[in-house]
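Contents: one structure, followed by commentary.
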Amino acid sequence: MSTQINGQTCLCGVVGDPIAHTLSPFIHNALAEAMNVNTVYVPLHVTEEHLEEAIVGAHGMHMRGMNVTVPHKQQVMQYLSEIHEGANAIGAVNTLVRRPDGYHGYNTDWMGLERALKDHEISLCGKTVVLLGAGGAAHAAAYLCGRQAAEKVLILNRTPQKAIQLAEKMHGLFPGTEYCGAQIDHWKQLAGDGYICIQTTSQGMVPNEDQAVIEEQAFYHKISAAVDIVYNPGMTKFMKLGKAAGAMVCNGLLMLLYQAVSAFELMHEVTVPKEAIQKIKKELEEQFAYGA
Ligand code: ATR
């Protein structure tokens, strides 16, 4: 939050149901303070039947920007005046930016993952990527794989039909990347090693810390990087298994932070410097007691 609320303060917020556990107000208000932007960001509990009036009302009240979270990321799209290319491809919007004609919708989840991977010096270009899961986060990751011109993306999901559908959709958008959907056990048919694995399911998140989608150690010997979108705990079972097999590992905290940074940048037309991002990252790590 900027230090002083006054007549010029612009209002932003995050719309969801439930919303009480969101970290977005913490991150956005910390960014506002670091960047000296005169804005306040609040949680907004909006149920499905009130979504349309919430969006129309927010526009009427000149709310500068909003994030949208579960369960509204798809539903909200019908109330926007324009949808950015990436959000259309992913089929979900998590960021709204106010324009005179209505809200423009973006998806910053793929941007967050891209920036997090960059910090870890991971490029997907020309690589074979194994995606675990086929839900919302997997859509963002699969889109990023296409954008970065991965050679092949193997999408493995408990419900294989969803993985196959996602693979077909993404291959239509990125014909240069080979997408393949299958059931989880399909990893056993992977020849060679050095794959990048991105874990997009909620498996391993508190209170299910002792679980991972793939538990066989043999899988982890095939991968060079184990990227988890889960950030609590900081070291998930998936990451532990990857680490034990010698893979580079990272959790989802940076992706979470960067999707918010990208949203903040779109809402306020600024570029957040690295130092501000590092400071907030440290504060988040303290909140989750990573060092303990
Ligand atoms: P999100 O938007 O966070 O990705 P989602 O759209 O509900 O959430 O997707 C959750 C993903 O995690 C799905 O791929 C789901 O598999 P199904 O499509 O089979 O439901 C996966 N998932 C959730 N719990 C799982 C579990 N216990 N084992 C394996 N996969 C699981």
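The values are calculated or read from the model by the stated rules, or taken from the named source; none is laboratory data. Keep in mind the model is a prediction, meaning the values are calculated, not measured. Here the Cβ positions follow ideal geometry from the backbone for every residue, glycine too, while neighbour counts run over all protein chains shown.
Which condition breaks for G192 when tested against (1) within 14 Å of the ligand (Cβ to nearest atom); (2) of a type outside the set (F, W, Y); (3) modelled with pLDDT under 95?
G192 satisfies every listed condition except (1).
Checking the structure you have, find out if any residue of segment 220-237 is in a helix (DSSP H, G or I) and at negative phi. Reasoning before the result, please.
So the first thing to find is which residues in segment 220-237 are in a helix (DSSP H, G or I), and the list is 220, 237.
Still in the running and at negative phi: 220, 237.
Yes, there is a match, as at least one residue in segment 220-237 is in a helix (DSSP H, G or I) and at negative phi.
May I ask you to list pairs of residues, at least six apart or on different chains, whose Cβ atoms are under 7 Å apart, with the first in segment 148-166 being closer than 11 Å to C180 by Cβ and the second being part of a strand (DSSP E or B) and near the ligand (Cβ under 8 Å from one of its atoms)?
As it stands, the answer is L156/L132; A163/N157, since those pairs meet every condition given.
With respect to A32, determine if the residue is surrounded by 20 or more Cβ atoms within 10 Å (Cβ to Cβ) and more than 30 Å from G172 (Cβ to Cβ).
yes
Hey, among V46, V68, V40, which residue is surrounded by 15 or more Cβ atoms within 10 Å (Cβ to Cβ) and within 16 Å of the ligand (Cβ to nearest atom)?
V68
Would you check which residues across segment 156-208 are within 15 Å of I229 (Cα to Cα) and surrounded by 16 or more Cβ atoms within 10 Å (Cβ to Cβ) and list them?
Step one: list which residues in segment 156-208 are within 15 Å of I229 (Cα to Cα), which gives 196-206, 208.
Listed by number, the residues that qualify are I196, C197, I198, Q199, T200, T201, Q203, G204, M205.
Would segment 140-152 turn up any residue that is over 26 Å from N232 (Cα atoms) and within 16 Å of the ligand (Cβ to nearest atom)?
no
Is it the case that some residue within segment 50-60 is under 15 Å from F264 (Cα atoms) and surrounded by fewer than 20 Cβ atoms within 10 Å (Cβ to Cβ)?
Checking segment 50-60: not a single residue is under 15 Å from F264 (Cα atoms) and surrounded by fewer than 20 Cβ atoms within 10 Å (Cβ to Cβ).
Among the residues of segment 74-104, write down those that are closer than 19 Å to P25 by Cα and surrounded by 24 or more Cβ atoms within 10 Å (Cβ to Cβ). Step through it out loud before you land on a result.
Going residue by residue through segment 74-104, those that are closer than 19 Å to P25 by Cα are 93-98.
Once the filter is applied, which keeps residues that are closer than 19 Å to P25 by Cα and surrounded by 24 or more Cβ atoms within 10 Å (Cβ to Cβ), segment 74-104 yields V93, N94, T95, L96.
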